[in-house]
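The values are calculated or read from the model by the stated rules, or taken from the named source; none is laboratory data. The structure displayed is predicted, hence computed values, not measured ones. Cβ coordinates were reconstructed from backbone atoms using ideal geometry, including for glycine residues, and neighbour counts include every protein chain displayed.
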């Protein structure tokens, strides 16, 4: 495999494939993941630029694109120090544990709760 390149093939028709290549070539702006990485906000996210070339029985296509992913899955209730009848009460409290594999919320007793998701963590 060529570094910075990936090939996708359609399972139902292996003659239909697409090659993704990191852009610009040479890892000038590599795939990034982390806090603020999507360049759109300060959430946990990811981004990358790429070019693609697709070959299929109907022709050939090429172009450019980008990924801007936001992994901010925090429950809206996770920004208060107490929840009473579903409403935030008290001083603001961020329960975001910066773990994309938990659902963060405030506990009815005050404080934070972090529920693990079923997302595969690799």
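Quick look at the values:
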| item | result |
| --- | --- |
| Filtered residues of region 10-25 (kept if under 18 Å from residue 63 (Cα atoms) and in a loop (DSSP other than H, G, I, E, B)) | 24, 25 |
| Top-ranked residue in region 42-77 [being loosely packed, with under 12 Cβ neighbours inside 10 Å and farther than 26 Å from residue 11 by Cα; ranked as modelled with the lowest pLDDT] | 76 |
